[in-house]
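*Asks:* Handing you this structure, nothing more for now.
The values are calculated or read from the model by the stated rules, or taken from the named source; none is laboratory data. Computed from a predicted structure; not experimentally measured. For neighbour counting, all protein chains shown are included, and Cβ atoms are generated from backbone atoms with ideal geometry for every residue, glycine included.
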């Protein structure tokens, strides 16, 4: 059995090293037991485990992340909610029990010291659960699936069989770990400028009546001529005779869905959907969207309290929008905003041009 495992680890290590430092990584998210792991386009990997969303009482969880490359930095944050409120005071320190091991004065909701993290991970790999206590609040986190999640990280980052691995540790030097792929570079363009309400009103009225807009926006329905029922809409000037239209097109109890169109005035008024690049399928429905200073941000809530969901940011360029960040918070964990989340995409932004003038 040991020979078979050793052969498998060597095979994985060889395949990862053969991929090379410059190979583009394919972002993914995968579930192992009670843990979820994700790796992004530059092989930064993160994993998280939380108490089940349908259990009452305090919620606890642990988020782990590591950058790619021989010297990939480890980061970890521990979370615990209060017994009567979602958040404990800043600076609260927790006691963590893993099997017979006890860790004192572990900080909550901030980066954990490296020495504490390494000792904690070592203890957790063979334990079924972890108990977290602070300020009269106690919760248990399942560790089922953690070892598989960290092994997946080792594999994706090419650490299998090296001294840098979390799980599949071997004797190979850190130099055998492939370097991280280069981060994509986005050249930001001068941002489109929002039209004042009075200037935008006549064009918005014409756009709301366009069949190509009405058919894509459920909130328009039959209310095109009823000003008090019209969905919110904003126009941004790209250039003379060219605009972006951002309009609310769906409403739920705790979030709004918007659509984005590219508008041209010549040879006749026309609007076509602006299809945005994403990690998987292109994005059309934009949840809780905000567009300002050339940055389009969305946050999709998995439930009303906003403790799970996904977020995206796009940057305006000379040819349209480019994806800057994509993050997922798949576990409804009682932490507003879903906590640090799991990264699926990151890119660097460079701005070289001056802002556009009105």
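*Asks:* If you check residue 167 against the conditions, is it free of Cβ contacts under 8 Å to residues at least 24 places away in the same chain and not assigned by TED's automatic domain parsing to the domain that holds residue 347?
*Replies:* The answer is no for residue 167.
*Asks:* Only one of 200, 179, 148 is surrounded by 14 or more Cβ atoms within 10 Å (Cβ to Cβ), within 30 Å of residue 352 (Cβ to Cβ) and under 25 Å from the mean Cα position of the chain (by Cα). Can you tell me which?
*Replies:* 179
*Asks:* Please find, within the stretch 44-58, the residue that is modelled with the highest pLDDT out of those that are part of a loop (DSSP other than H, G, I, E, B) and under 21 Å from the mean Cα position of the chain (by Cα).
*Replies:* 44
*Asks:* Could you say whether any residue in the stretch 19-38 is within 13 Å of residue 157 (Cβ to Cβ), in contact with a helix residue (DSSP H, G or I) (Cβ under 6 Å, 6 or more places away or on another chain) and modelled with pLDDT of 95 or more?
*Replies:* Yes, that holds for at least one residue.
*Asks:* Residue 105 fails exactly one of the following numbered conditions: (1) within 25 Å of the chain's Cα centre (by Cα); (2) at positive phi. What is the number of that condition?
*Replies:* (1)
*Asks:* Can you name the strands (runs of 3 or more DSSP E) wholly within the stretch 262-333 that have at least 2 residues being surrounded by fewer than 16 Cβ atoms within 10 Å (Cβ to Cβ)?
*Replies:* Those strands (runs of 3 or more DSSP E) span 270-273, 290-292.
*Asks:* Limited to the stretch 71-104, what total is found for residues that are part of a loop (DSSP other than H, G, I, E, B) and under 17 Å from residue 137 (Cα atoms)?
*Replies:* Number of matching residues: 12.
*Asks:* Within the stretch 112-216, considering only strands (runs of 3 or more DSSP E) that don't extend past its boundaries, which have at least 3 residues that are closer than 25 Å to residue 27 by Cα?
*Replies:* Because the criterion is at least 3 residues that are closer than 25 Å to residue 27 by Cα, the strands (runs of 3 or more DSSP E) in the stretch 112-216 that meet it are 185-188.
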